[in-house]
Amino acid sequence: MELKNKVVMITGSSRGIGAAIALAFLKKGCRVILNGRHELNAELKARLDHVGGEYTYLVGDLANATQVTSLAKK
């Protein structure tokens, strides 16, 4: 299956397994939307920039209905 230019959203992707998944999709040429409860940290930003490609990071807590609505609109 060709993944290039597909849009992928990974929640909980500010660290750990979620960040690794986001990086893997970015390496495959996907447009990646990352999500975490806090601002994008400098270490992950550097790793994403090193891989290259198109990504967006959205701050929001999926346990909060108001924030989920806001994320969906973005």
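The table below gives the values:
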quantity	calculated
Sequence-distant residues sharing a close amide H with Tyr57 (under 5 Å, placed H)	Leu34
Percent accessible area from carbon and sulfur atoms, the chain, protein chains only, probe 1.4 Å	53 percent
Mean accessible surface per residue for the chain, computed with a 1.4 Å probe while every protein chain stays in place, in Å²	69 Å²
Taking the chain and dividing mean pair separation by its residue count, relative contact order in percent (alpha carbons under 8 Å, at least six apart)	28 percent
Only Lys, Arg (+1) and Asp, Glu (-1) charged, at Cβ; the chain dipole about Cα centre in debye	160 debye
Straight-distance crosslink candidates among lysines, where the alpha carbon sits under 20 Å from Lys27 and sequence neighbours closer than 8 are dropped	Lys4, Lys6, Lys45
Contour excess over end-to-end distance, with Cα ends at Lys4 and Lys74 and 0.36 nm allotted per residue	23.0 nm
Kirkwood-type radius of the chain, with distances r between different C-alpha atoms, in Å	12.4 Å
Potential lengthening between Thr66 and Arg47 on full extension [0.36 nm per residue; Cα-Cα distance subtracted]	3.8 nm
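The values are calculated or read from the model by the stated rules, or taken from the named source; none is laboratory data. This one's a predicted model, so the numbers in the text were calculated from it and none came from an experiment. Note that we place each Cβ from the backbone using ideal geometry, even for glycine, and neighbour counts take in every protein chain shown. For the accessible areas, the whole protein counts, side chains as well, though only heavy atoms, and no ligand, DNA or RNA atoms are used. Shrake-Rupley method; radii C 1.70, N 1.55, O 1.52, S 1.80 Å.
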